[in-house]
Amino acid sequence: MPQRHSKNNNDLAFFTYDEKRKLGYGTQKERLGKDSIKPFDACSLCLKPFIDPLCCQKGHVFCKECILECLLSQKKDIQRKLAAHTGQQKQEKEEEEERLMLQKARELDAFDQQNHGPVPQYNDKNYNTDKNGFHGANSVKATSYEEEALRTMKAFWLPSATPDAPAKVEAPSTSTTCPEGREKIKMKNLFPIHFTEDTSAQKKHKSLDKSFICPSCKVTLTNTLSLVALNTCGHVFCKKCAEKFVAVDKVCVVCDKPCKDRNLVNVEKGGTGFAAHGDNLEAKDFKHLGSGSGLGLVRPAMKT
């Protein structure tokens, strides 16, 4: 006799909630760790430490090679779509000209038969004559009116009357877009950025990886800090120093190049792993019962 506890009840015709949990059924949630978050010094395309970084006006950072390859591939795709759209327009124009020529030829043929043909032509649908000479209600074969009705009828259940849906190519946009922010972007809108590398002796002994600091306050840059870049010279500061010195003095702290408030660009970066950062750091994945592994047909072992 089976046990009465719901978790140990294994003779039901359906899976219980506990059995589904054991089989991995439903929406699985997992909080992203540090390894799943993009650091501030990584390219948005290859996700590796950037080489010759370029930044757009929205603050997305890319490797120079990666963004150039992306923009070139977008231009090739635009040219391909433009060629397909031009070819479709040309084909539609030729079909329209052919349709007008056939319509004109039919009108001339009908006029010639009306005046010189042995059988009079009627405009009434009851007296329409088909191509085999049958006409009227006693016609065994379908009349031209019925053929026209079958041709134009939107009846998807009849194979002979299934309407065609030609694939229409829309006119593509001729502007390249940022792969991260999806806004319009050009090569001339990108500007190189320069990070100040930490060259202290303590950092060299601790780690072989490069670390960057703010050139003003010498604080190590991480994902916890908001970064600001100048699109005039490309130097990167922490947001506090940029608002306290650069925005007030209207000059770069490193190279003394004049700048304005509109030249300050907030650099986009990944999250920190903390809930207070505001990013969506939870991954979700829905799995059906069994997930294709055959476990949907196997019940879990009963607890002892």
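The values are calculated or read from the model by the stated rules, or taken from the named source; none is laboratory data. Predicted model only: the values in this text are computed from it and were never measured. Cβ atoms come from the backbone with ideal geometry, glycine included; neighbour counts cover every protein chain shown. These area figures cover heavy atoms from the full protein model, side chains too; ligands, DNA and RNA do not enter into them. Shrake-Rupley method; radii C 1.70, N 1.55, O 1.52, S 1.80 Å.
Some values worked out for this structure:
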read-out	value
Selection from segment 52-102 of residues that are assigned to a helix (DSSP H, G or I) and of a type in the set (Val, Ile, Thr)	Ile67, Ile78, Thr86
Yes/no for Leu68 being under 24 Å from the mean Cα position of the chain (by Cα), surrounded by 12 or more Cβ atoms within 10 Å (Cβ to Cβ), aliphatic (A, V, I, L, M) and farther than 27 Å from Thr222 by Cβ	yes
Gly59 vs. criteria under 28 Å from Ser226 (Cβ atoms), exposed (fewer than 12 other Cβ atoms within 10 Å of the Cβ) and touching a residue at least 40 places away in the same chain (Cβ under 8 Å)	no
Qualifying residues in segment 103-131 (those that are outside any helix (DSSP H, G or I) and open to solvent by 80 Å² or more (accessible area, probe 1.4 Å)) - the one modelled with the highest pLDDT	Pro118
Lone unmet requirement of (1) surrounded by 10 or more Cβ atoms within 10 Å (Cβ to Cβ); (2) at pLDDT below 90 for Leu100	(2)
Leu54 vs. criteria open to solvent by less than 30 Å² (accessible area, probe 1.4 Å) and in contact (Cβ under 8 Å) with a residue 60 or more places away in the chain	yes
Residue that is under 14 Å from Gln57 (Cα atoms), surrounded by fewer than 18 Cβ atoms within 10 Å (Cβ to Cβ) and free of Cβ contacts under 8 Å to residues at least 40 places away in the same chain, where the choices are Asp256, Asp209, Asp261, Asp249	Asp261
Residue in segment 292-300 that is surrounded by fewer than 17 Cβ atoms within 10 Å (Cβ to Cβ), among the polar types (S, T, N, Q) and at pLDDT below 60 present	yes
Identity of the residue in segment 23-51, in a strand (DSSP E or B) and of a type in the set (S, T, N, Q), that ends up nearest to Lys210 (Cα to Cα)	Gln28
Matching option when the condition is at pLDDT 90 or above, over 25 Å from the mean Cα position of the chain (by Cα) and open to solvent by less than 70 Å² (accessible area, probe 1.4 Å), among Gly87, Gly26	Gly87
